[in-house]
Structures are given as C-alpha cells and as structure tokens.
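The values are calculated or read from the model by the stated rules, or taken from the named source; none is laboratory data. Computed from a prediction, not measured in an experiment: that's the story for all the values here. All Cβ positions, even for glycine, are placed from backbone atoms using ideal geometry, and neighbour counts span all protein chains on display.
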Amino acid sequence: METERARQLLEAERQRITEEAANLGFQTTDELSTLDPGDTAADLYQEELDQGRLQDLQEQLAALERAEQRLEDGTYGVSVESGQPIPDERLELIPTAERTAEEQARFEGR
C-alpha cells in the first residue's frame with residue numbers, strides 16, 4: 001500500500017475515534033488515552049454501556065497509535081506475526097490491522 005493512502009486511512013480512523021469520543025463527552029484523543037474508565041463511570045449517562053464503549057475506544061486508539069508507529073518505521077502493511085504482507089483490501093477495511101486475516105483468526109482462537 002502506498003504511504004500516502006495509508007496516512008489517509010489512519011487519519012480517517014483517528015477522526016472516527018475522535019468523533020465517537022466526543023459523543024461520550026471527551027474533547028481529544030489525548031484525554032481519552034489517559035483516562036481510567038472506572039474513574040468516570042459515575043459521570044456517564046448510561047454507565048455500563050458508556051464504560052464498555054470507552055474501553056473499546058481506548059483499545060482502538062492504542063491500535064491506531066501502533067499502526068502510525070509502523071508507518072513511521074516502514075513496516076506498515078506487514079504482519080507483526082509472520083512478516084508477510086497484509087493485503088491492501090484488508091488494510092482498506094481495517095487500517096490498523098496487525099496481521100493477515102488468517103493469522104488474526106488463529107490469534108483470536110477461531
């Protein structure tokens with residue numbers, strides 16, 4: 001995958017995460033990444049749902065930051081497990097993919 005296209009995909013992913021975080025009342029992804037979900041649960045409208053969503057967004061943000069680092073390192077689009085190329089089609093759907101689809105299925109125990 002071309003570097004510029006990878007940057008576009010990762011920027012779009014960051015925007016999506018930022019918008020979802022804003023819907024939960026957070027202004028920046030920095031605020032989201034340093035937050036302990038247990039500390040704010042009482043402040044959220046739908047406590048359990050929002051706490052789960054917050055944790056999911058934090059995990060997505062961490063995956064995004066790892067993908068951005070791989071892009072900087074020149075290893076974006078290569079499996080962290082096998083070193084095999086991750087198909088562009090997969091990266092278009094999941095810009096933060098760290099493994100090929102087959103490797104991910106094994107990793108998740110499917």
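For (1) over 19 Å from Glu13 (Cα atoms); (2) at pLDDT 95 or above; (3) of a type in the set (D, E, K, R); (4) not in a loop (DSSP other than H, G, I, E, B), each residue gets a yes or a no:
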{"site": "Gln55", "(1), (2), (3), (4)": "no, no, no, yes"}
{"site": "Glu59", "(1), (2), (3), (4)": "no, no, yes, yes"}
{"site": "Ala63", "(1), (2), (3), (4)": "no, yes, no, yes"}
{"site": "Ala67", "(1), (2), (3), (4)": "no, yes, no, yes"}
{"site": "Val80", "(1), (2), (3), (4)": "yes, yes, no, no"}
{"site": "Gly83", "(1), (2), (3), (4)": "yes, yes, no, no"}
{"site": "Glu102", "(1), (2), (3), (4)": "yes, yes, yes, yes"}
For Gly74, are the conditions met, namely being at pLDDT 95 or above and not aromatic (Phe, Trp, Tyr)?
yes
If you go through the stretch 64-90 one residue at a time, how many are surrounded by 17 or more Cβ atoms within 10 Å (Cβ to Cβ) and closer than 15 Å to Arg16 by Cβ?
3
Within the stretch 1-51, restricting attention to residues that are closer than 23 Å to Arg70 by Cα, part of a loop (DSSP other than H, G, I, E, B) and not β-branched (Val, Ile, Thr), which residue is modelled with the highest pLDDT?
Glu2
Residues (hydrophobic (A, V, I, L, M, F, W, C), crowded, with 17+ Cβ neighbours inside 10 Å and within 8 Å of the chain's Cα centre (by Cα)) located in the stretch 49-62:
Leu57, Leu61
So Glu89 fits all but one of (1) over 16 Å from the mean Cα position of the chain (by Cα); (2) not in a helix (DSSP H, G or I); what number is the exception?
(2)
